[in-house]
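Visitor: First, the structure itself, so that you have it in front of you.
Please treat every number below as a calculation from the coordinates, not as lab data. Bear in mind the structure is a predicted one, so any value in this text is a computation, not a measurement. Glycine gets a Cβ as well: all are built from the backbone with ideal geometry, and neighbour counts include every protein chain shown.
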Amino acid sequence: MAEHYDVIIIGTGAGGGTLAHALAGSGKRILLLERGGFLPREIGNWAPETVFVDGKYISKDTWYDSDGKPFQPQSHYFVGGATKMYGAALYRLRPEDFGELRHVDGISPAWPLSYDDFEPWYSQAEQLYQVHGNDGEDPTEGHRSQPYPWPAVSHEPRIQEISDGLAKGGYHPFHAACGIMLNEADQPNSACIRCAWCDGYPCLVHAKSDAEVIAVRPLLGRDNVTLVTGAEVTKLETDAAGRAVTGVVVSRDGEREVYTGDIVAVCASAANSAKLLLNSANDQHPNGLANGSDQVGRNYMFHNSKAIVALSKERNDTVYQKTLAINDFYFASSDYQWPMGGIQMMGKSNAEAMRGEKPKLTMLSPEWTLTDVAKHAVDFWLTTEDLPLPENRVTTDADGNVHLSYTTYTNQAEADRLYGELKKILNHTGMAEHHVLSKNFYADMAMSIAAVAHQAGTCRFGTDPATSVLDVNCKAHELDNLYVVDTSFFPSIGAVNPALTAMANALRVGEHITGRLTT
Ligand SMILES: Cc1cc2nc3c(=O)[nH]c(=O)nc-3n(C[C@H](O)[C@H](O)[C@H](O)COP(=O)(O)OP(=O)(O)OC[C@H]3O[C@@H](n4cnc5c(N)ncnc54)[C@H](O)[C@@H]3O)c2cc1C
């Protein structure tokens with residue numbers, strides 16, 4: 001039996017890493033249990049072949065779909081979690097996202113807290129994760145109590161042209177919110193060289209604001225924080241009444257270890273947090289821990305997203321491409337009665353990544369064709385909200401394996417319309433006049449369920465224990481010392497990238513837990 005801690009945090013990503021950062025200053029004894037290790041810093045971090053073709057940093061997990069067919073989820077188990085690979089586009093949800101929103105396929109439910117409740121935590125998270133942006137450029141953005149800590153990352157010439165063309169066409173392009181530590185802006189610890197290896201790659205020089213670099217590493221010298229890597233939590237044990245977690249069971253180097261703490265925070269990502277609770281069923285919680293409502297694992301969301309490559313005759317020599325976004329179609333309008341979502345840039349495509357992501361389609365393409373395509377490509381990422389449906393869910397089998405059953409896709413009409421709007425707006429960017437092919441060519445890739453990057457839901461928070469797993473402080477309704485602090489708590493996902501909301505929430509819950517431990 002290992003020593004006793006004040007707080008045990010399971011997982012070190014956007015939720016867990018940030019929660020540890022929030023709690024460390026309290027002086028309380030904190031244990032971080034992380035199933036992965038530190039992502040190695042090696043030249044392969046920036047090699048498309050290593051990242052996309054070999055998939056070196058993707059976990060070896062096998063999950064099963066609704067037909068029981070195995071697939072490899074694109075999960076990343078390292079200190080820092082998925083943020084090691086993320087594009088660091090750090091957006092706030094829109095104020096309206098916290099209320100009820102009507103979509104073509106149903107209702108996006110209201111959160112139990114409002115944008116105003118979250119706003120101070122968003123500001124703190126932006127400071128912590130060193131977000132670059134320009135206040136007031138995006139008409140859909142909510143009010144902010146603090147400006148972005150760093151000015152927006154400037155566009156490179158081709159992206160500036162696109163932005164100018166959009167503005168001329170009456171749209172409202174804005175500078176994307178980026179969490180990078182940029183050399184030219186004189187940020188502390190800045191090492192970013194604005195390379196092409198950011199979105200989807202680990203940062204070799206640790207200049208991306210990920211949870212390892214920003215939240216976890218700075219804690220490693222502290223006497224009150226312990227990090228154990230290679231520690232996969234397999235089960236949570238409770239007292240006889242089922243009201244408190246009394247043991248955190250870990251598999252490490254093939255050995256079983258049990259850790260104890262006054263408070264336990266599960267931050268293993270939406271699917272894995274649900275997996276852990278479901279696999280921790282016992283006599284008091286026969287359907288899984290904290291699952292009297294039967295909501296654990298349900299309402300899985302991952303965005304209705306598309307990656308689009310638009311080609312034009314003009315070369316696109318942009319290196320760091322993720323600087324532009326447009327939210328003109330985020331909400332319903334007089335032209336279309338439903339919200340469509342957001343458009344942003346992706347990291348610049350390259351031949352090797354195209355091969356890795358579309359192996360069948362590109363198998364017969366000679367290298368020069370793909371290289372040429374990549375030189376002219378402008379890459380967009382389209383995000384439409386998907387709705388939380390009870391049938392889209394994570395369950396586990398007798399061996400504890402994840403079954404991800406995502407059977408009902410939602411808001412496809414909105415996603416298609418957004419794609420149509422993208423094609424229209426490209427006419428304002430000079431692409432229509434200068435296309436290389438007989439017509440603009442768009443390679444689009446809808447996301448399969450293996451694309452778990454934006455996973456959320458599964459343990460939603462709310463005020464009613466019959467319809468939610470967590471209370472407004474992200475404590476399980478049914479247990480006194482169990483919290484879930486990752487993207488699981490989202491009752492709806494909006495149409496912006498989820499990480500900043502997970503980080504802001506972790507800071508919020510961190511203050512609550514600190515208060516609980518110190519009074
Ligand atoms: C390629 C890619 C690009 C992305 N780009 C963006 C972006 O630009 N902007 C944005 O907002 N979001 C982006 N995301 C999504 C973002 O990274 C996630 O939303 C965010 O990291 C989720 O935080 P989390 O705490 O829920 O999970 P994670 O950050 O994944 O953390 C979960 C942690 O728990 C650990 N863990 C899991 N199971 C166990 C266990 N049983 N025992 C111990 N530890 C465990 C994992 O190893 C991991 O460290 C991207 C993701 C990917 C993969």
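Visitor: Could you give the radius of gyration (one decimal) and Dmax (whole number) of the Cα atoms in the range 1-131, in Å?
Guide: Cα-based Rg and Dmax for the range 1-131 come out at 18.8, 54 Å.
Visitor: Taking every pair of Cα atoms in the chain, average 1/r, invert it to obtain the Kirkwood radius, and report Rg/Rh to two decimals.
Guide: The Rg/Rh ratio comes out at 0.96.
Visitor: For Thr371 and Thr463 in one chain, what is 0.36 nm times their gap in residues minus the Cα-Cα distance, to one decimal in nm?
Guide: 27.8 nm
Visitor: In addition: Let's test the formula: R0 of 51 Å, r as the Cβ-Cβ distance of Ser251 and Lys423. What FRET efficiency results, to the nearest 0.05?
Guide: Efficiency computed from Cβ-Cβ geometry: 0.55.
Visitor: Ranking request for peptides 9-17, 503-511: highest mean number of other beta-carbon atoms within 10 Å first, then the rest in descending order.
Guide: Packing proxy ranking, top to bottom: 9-17, 503-511.
Visitor: Quick one: angle between helix 157-168 and the longest Cα principal axis of the chain, in degrees between 0 and 90, rounded to 10, please.
Guide: 80 degrees
Visitor: Please list, by residue number, everything in the range 64-87 whose backbone N is under 20 Å from a paramagnetic label point 7 Å out along Cα→Cβ of Leu517.
Guide: 80
Visitor: Would you work out which of Ser448, His512, Thr410 lies farthest towards the positive end of the dipole of the chain? Charges go on Cβ: Lys and Arg +1, Asp and Glu -1.
Guide: After comparing all options, I get Ser448.
Visitor: Looking at the chain, what % of its DSSP beta bridges pair antiparallel, to the nearest 5?
Guide: In the chain, approximately 70 percent of DSSP beta bridges are antiparallel ones.
Visitor: Amide H neighbours of Leu101 under 5 Å, at least 5 residues apart or on other chains, H built in the peptide plane: list them.
Guide: Answer set, sorted by chain and number: Ser108.
Visitor: Next question, about the same structure. Using a 7 Å offset from the Cα along the Cα-to-Cβ direction at both Ala191 and Ser66, what is the distance between the two label points in nm, to one decimal?
Guide: 4.5 nm
Visitor: Another one. Amide H neighbours of Asn411 under 5 Å, at least 5 residues apart or on other chains, H built in the peptide plane: list them.
Guide: Asp105
Visitor: If you line up the long axis of helix 412-426 against the longest principal axis of the chain, both from Cα atoms, how many degrees apart are they, to the nearest 10?
Guide: It is inclined by approximately 40 degrees.
Visitor: Please rank Trp381, Trp46, fewest neighbouring Cβ atoms within 10 Å first, as an exposure proxy.
Guide: With the fewest neighbours first, Trp381, Trp46 line up as Trp46, Trp381.
Visitor: HN-Hα J couplings of the range 471-482 from phi, Karplus 6.51/-1.76/1.60, θ = phi - 60°, integer Hz, Gly and Pro as x?
Guide: Listing the rounded values in order: 7, 5, 8, 6, 8, 4, 4, 8, 10, 8, 10, 10 Hz.
Visitor: While we're on this one: Would you list Ser269, Ser145 from fewest to most Cβ contacts within 10 Å?
Guide: Ordered from fewest to most neighbouring Cβ atoms within 10 Å, Ser269, Ser145 come out as Ser145, Ser269.
Visitor: Can you pick out the pairs among Lys168/Lys424; Lys168/Lys306; Lys348/Lys424 whose Cα atoms lie more than 24 Å from each other?
Guide: Violating the 24 Å Cα-Cα cut-off are Lys168/Lys306.
Visitor: Next question, about the same structure. Ratio to report: Rg/Rh of the range 188-347, with Cα atoms as the point set and Rh obtained by the Kirkwood method; give two decimals.
Guide: Using only Cα positions, Rg/Rh for the range 188-347 is 1.09.
Visitor: Taking amide H positions as placed in the peptide plane 1.01 Å from N, state which residues far from His403 in sequence (5 or more) or on other chains have amide H under 5 Å from it.
Guide: When sequence neighbours closer than 5 places are left aside, the close amide H contacts are Tyr64, Thr395, Thr396, Asp397.
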